Amino acid sequence: MATAATVRKTALNEAMRKAGGKMVNFHGWELPIRFEGILKEHAAVRNSAGVFDVSHMGQLFVTGADSFKLLQKTNANDLRKAVVGKGVYSHLLNEKGGLVDDIIAFCLALNRYLVIVNAATSEKDFKWLLAQAARMNVKVENKSDDYSMIAAQGPNVPKMMELMAPEAVKLPRFAVVEKKLFGADCFISRTGYTGEDGFEIISPHAVITGIWNQVMELGKPYNIIPCGLGARDTLRLESGYLLYGVDVDDDHTAYEANYGWVVCLDKGNFTAKDILLKQNREGVKRKLTGVALTSAGVPRPGCKVFRNGKELGELASATYSPTLKKGIGTGYLSEPGLKPGEPLEVEIHGKKVPAEVHKVPFHKGTAFPKG
Amino acid sequence: MPKQEELKYTKTHEWLHVQGSEATVGLSDHAQHEMGDIVFVELPKAAQAVEKEKPCAVVESVKSAFDLYAPVSGRISALNEDVAKEPILINQSPLDKAWLFKIKLSDPDQVKDLMDWTAYQEFIKQGRG
């Protein structure tokens, strides 16, 4: 486990430095914030191809006769959607209906699941699942230290992956395939955190540099570039994807986060179902709401949001949107029924700047169904 | 276009090009590189009085906001509206197209306190930037 004093390096650390990565400490991990520039990296992913080192992400394996039972009990989404070879995005629930984490659970085979968890929460999730698994016939393992992970993202990524993993290119969104790469057992899923089509590849550390180099080589005709955490954040915020610890945590629910679609109330019993059922029926008092500036400026996390002079809350996530070319953010506002276009003000450097409620996602890339 | 060797520099990474009683101010190449893509600039107001080492403008990258400090005291005599419209100019041309504003100096002696190119290079190398 990482402590405050240690900074962990991924197996790709040297490759990231060589590629010109400007390294930062991200929750105890040394990772590139950017290479050539966030705008260029953002555009590469939206228009063609980019690749990220996301080795800080965690991998939990849940196996045994009760593995479905454990995951179905602890998750908001219905794990029946995760048939063999498919995954579901879900919220791991605490007893208050808040989020222990947001995850993707892949069913690799009958009674064998791979759960992708956030870096800072992997140990917490592991302990939570272990505690929930009491008297169940199930094995929960935290193998986060054994795996590296990269994300190749962008509309041209499927074309370039044709040579490396043709079976992966046939995968629908959220599907996964196990494949040997450089002689090692790897997982390739059609997932990502950018809003664009693409894949995430999980491998043992020993082969990740080879995989990275091959992805860079195959991506050459598509001008693939390495991308950092900065572009990852602008891409995910435009796409309306939640950032655990910033947008959601143990004290916020899926309904408050405007992610009610994740909660499957009709799937049978599960953790905090009564609380979520009640919240769904009665509505929420605060809701994560999209905000876009209607004049120049860059909103930041913590900026206060006003409507008709009344403070409604503050922005949780906020940045300059390279695609919309304006400031955007999301924050928990105390008027949950606001419609897109409603005028707001955001306080930036002590000045109130005109803004409006904006639909989320702010931008729908190739990962979203058309229409 | 002035050569960066001919400019004066502050510890807060503004450059200054003095021509008579007027000085042009911009952001150093080192600073723009460290900040990354600049997406927003808030310039001083026309004819605004500025005071040496006091914040007078803001530049924002995708990730962060940075205050800009007046290298010398005086009054704003010109503003580069192009850079306000197209902030990325700061990354593309920090010493030329992306000059930010001009100051009519009230105390030309203040220029002596600023670093020359060699001193600025040393300052950056020592990691105090």
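The values are calculated or read from the model by the stated rules, or taken from the named source; none is laboratory data. Everything numeric in this text was worked out from a predicted model, so none of it was measured. Backbone-built Cβ (ideal geometry, glycine too); neighbour counts: all protein chains shown.
Each residue in the stretch B:66-85 was checked for being facing chain A (nearest Cβ under 10 Å) and either aliphatic (A, V, I, L, M) or in a strand (DSSP E or B) (or both), and 2 pass. Of the residues A:Thr271, A:Thr294, the single one that is touching a residue at least 12 places away in the same chain (Cβ under 8 Å), under 15 Å from A:Val357 (Cβ atoms) and of a type in the set (S, T, N, Q) is A:Thr294. Restricting attention to the stretch B:8-40, the residues being facing chain A (nearest Cβ under 10 Å) and crowded, with 23+ Cβ neighbours inside 10 Å number 3.
Condition (residue is away from every other protein chain (no Cβ under 14 Å), in contact with a Pro (Cβ under 9 Å, 6 or more places away or on another chain) and over 30 Å from A:Lys69 (Cα atoms)) applied to the stretch A:278-286: is it met by at least one residue? The answer is yes; a qualifying residue exists. Would the stretch A:304-312 turn up any residue that is touching a helix residue (DSSP H, G or I) at 6+ places or on another chain (Cβ under 7 Å) and assigned to a strand (DSSP E or B)? For the stretch A:304-312, residues touching a helix residue (DSSP H, G or I) at 6+ places or on another chain (Cβ under 7 Å) and assigned to a strand (DSSP E or B): absent. For the condition outside any loop (DSSP other than H, G, I, E, B) and either crowded, with 22+ Cβ neighbours inside 10 Å or not assigned by TED's automatic domain parsing to the domain that holds A:Leu229 (or both), A:Ile33 does not qualify. Within the stretch A:216-275, if we keep just the residues that are crowded, with 18+ Cβ neighbours inside 10 Å and β-branched (Val, Ile, Thr), the residue that is farthest from the other protein chains (Cβ to nearest Cβ) turns out to be A:Thr271.
Matching residues to (1) under 30 Å from A:Asn156 (Cα atoms); (2) within 14 Å of chain B (Cβ to nearest Cβ):
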| position | (1), (2) |
| --- | --- |
| A:Val298 | no, yes |
| A:Glu314 | no, no |
| A:Lys352 | no, no |
| A:Gly365 | yes, no |
| A:Lys370 | yes, no |
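Here is a list: A:Lys325, A:Lys339. Which entry is farther than 18 Å from A:Glu256 by Cα and surrounded by fewer than 16 Cβ atoms within 10 Å (Cβ to Cβ)? Of the residues listed, the single one that is farther than 18 Å from A:Glu256 by Cα and surrounded by fewer than 16 Cβ atoms within 10 Å (Cβ to Cβ) is A:Lys325.
Would you say A:Asn47 is more than 14 Å from chain B (Cβ to nearest Cβ) and surrounded by fewer than 18 Cβ atoms within 10 Å (Cβ to Cβ)? When the stated conditions are applied, A:Asn47 passes them. The set of residues in the stretch B:45-65 that are surrounded by 16 or more Cβ atoms within 10 Å (Cβ to Cβ) and within 11 Å of another protein chain (Cβ to nearest Cβ) comprises B:Val58, B:Val59, B:Glu60, B:Ser61, B:Val62, B:Lys63, B:Ala65. Of all residues in the stretch A:61-114, those being assigned to a loop (DSSP other than H, G, I, E, B) and in contact with a helix residue (DSSP H, G or I) (Cβ under 7 Å, 6 or more places away or on another chain) number 5.
When we screen B:Lys112, B:Lys63 for residues that are over 15 Å from the mean Cα position of the chain (by Cα), basic (Lys, Arg) and farther than 14 Å from B:Met35 by Cβ, the only hit is B:Lys112.
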